[in-house]
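Participant: Once you've had a glance at the structure underneath, I'll fire off some questions.
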Amino acid sequence: MDSFILTRELPMSETLSRREVVTRTVPALAIAGALSIAGPLLAADNAAAGAAPVGNEAFKDGQYVLPPLPYAYDALEPHIDADTMHLHHDKHHQAYVTGLNNALKALAALDGAATPPGAALLAGLQEDLSFNAGGHLLHTLFWTVMGPNAGGEPQGQLADALARDFTSVAVFRKRFAAVAAGVKGSGWSILAYEPLGDRLFILQVKQHDLQIAPGAVPILPLDVWEHAYYLKYHNVRADYVKAWWNVVNWQAVGDAFAAARASQKR
Ligand code: MN3
């Protein structure tokens with residue numbers, strides 16, 4: 001590991017703070033309390049990252065929208081089948097987009113009501129908002145960290161950081177897969193950048209929005225909801241996780257890592 005150089009002194013060209021980027025680009029995210037998942041999606045403003053402007057495709061004309069897949073539906077074959085991608089993207093992800101817009105609309109309607117809403121009604125809508133905002137943001141990122149002709153090994157500063165924070169890339173892979181396998185019901189295994197420690201850790205997220213660490217920025221999310229794999233892998237989630245490594249676009253993950261680090265620079 002003589003090339004290990006991950007320090008806070010790395011040069012970064014980002015000049016906007018993350019809060020500035022978020023509020024300039026998608027102000028509703030602040031309402032959603034979803035700042036932690038916004039970072040890698042806003043790489044358009046980040047010259048250091050060189051990543052695709054994914055966030056711009058997920059919100060247009062005052063509404064959240066379904067971003068197109070950055071590749072063909074069958075591009076991840078044989079590891080992820082086209083039928084699964086159609087259902088997952090067109091139906092499931094779309095449902096989170098619709099739910100997010102609806103929750104915001106319903107909350108706004110309450111503002112104009114003659115009497116204040118009951119606490120239970122408000123709490124229910126806030127839960128809808130959190131769940132669907134998490135679903136939309138995580139899926140938007142999920143599509144970008146996969147690709148055809150992908151797989152292989154992480155490179156550069158990402159590889160160095162993985163080796164530092166998990167002792168080796170192999171140990172990271174093993175733990176990440178174990179976290180994914182261990183999700184009870186629906187959820188995600190997420191590699192996240194944690195800015196206070198300037199380090200990486202893995203989160204075992206329930207549904208889309210529970211057990212997310214505030215401030216930690218997801219850079220590699222793995223969806224282990226059954227809809228992500230059941231058509232092809234049936235109940236054998238471990239086989240799906242094993243195959244999924246073959247479609248990980250490490251360049252995109254490295255870009256998301258760089259964007260997350262740069263966006264935290266004050
Ligand atoms: Mn999903």
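Participant: Calculate, axis by axis, the spread of Cα positions in region 196-266 along the three principal axes, and write the results as whole Å, longest axis first.
Facilitator: On the principal axes, region 196-266 reaches 46, 27, 15 Å in Cα extent.
Participant: Taking Cα pairs under 8 Å and at least six residues apart, what relative contact order does region 132-264 come out at, in percent?
Facilitator: After rounding, I find 34 percent.
Participant: Continuing with this model, one more query. Label points 7 Å out from Cα along the Cβ direction at Ala213 and Asp83: separation in nm?
Facilitator: With each label placed 7 Å out from Cα toward Cβ, I get 4.0 nm.
Participant: Tally Lys/Arg at +1 and Asp/Glu at -1 over every other residue whose Cβ is under 13 Å from the Cβ of Tyr240; what's the total?
Facilitator: For residues surrounding Tyr240, the net value is -1.
Participant: May I ask you to order 239-250, 132-143 by the average number of other C-beta atoms within 10 Å around their residues, highest value first?
Facilitator: Ranked from most to least packed, the peptides come out as 132-143, 239-250.
Participant: Here is a further query. Could you pull out the pairs from Lys91/Lys265; Lys242/Lys265; Lys91/Lys184; Lys60/Lys105; Lys60/Lys91; Lys184/Lys242 whose alpha carbons sit more than 27 Å apart here?
Facilitator: Lys91/Lys265; Lys242/Lys265
Participant: Another question, then. Contour minus end-to-end for Asp74 and His234, with contour as 0.36 nm per residue of separation and end-to-end as the Cα-Cα distance?
Facilitator: Residue separation times 0.36 nm, minus the Cα-Cα distance, leaves 55.7 nm.
Participant: Next up: Sort 83-92, 113-122, 215-224 by the packing proxy (mean of other Cβ within 10 Å over each peptide's residues), most packed first.
Facilitator: Top to bottom by mean Cβ count within 10 Å: 215-224, 83-92, 113-122.
Participant: Which of the peptides 57-65, 173-181 is most tightly packed, and how do the rest follow, judged by the mean count of other Cβ atoms within 10 Å per residue?
Facilitator: 173-181, 57-65
Participant: Between the alpha-carbon centers of region 54-125 and region 182-226, tell me the distance in whole angstrom.
Facilitator: Taking the Cα centre of each part, region 54-125 and region 182-226 sit 19 Å apart.
Participant: Got a sec? Charge dipole of region 156-263, +1 on Cβ for Lys and Arg, -1 for Asp and Glu; which of Val224, Ala159, Gln251 is way out at the positive end?
Facilitator: Val224
Participant: Please give, to one decimal in nm, the separation of the simple spin-label points placed at Glu127 and Ala95, each 7 Å out from Cα toward the Cβ.
Facilitator: 1.7 nm
Participant: In addition: Evaluate the charge dipole of region 156-263 about its Cα centre and quote only its size in Debye, nearest 20, assuming +1 on the Cβ of each Lys and Arg and -1 on the Cβ of each Asp and Glu.
Facilitator: Dipole magnitude for region 156-263 comes out near 320 debye.
Values quoted throughout were computed directly from the atomic coordinates according to the rules given, and no laboratory measurement underlies them. Since the model is a prediction, treat every value here as computed from it, not as a measurement. Quick reminder, even Gly has a Cβ in these numbers, built from the backbone with ideal geometry, and neighbours come from all protein chains shown.
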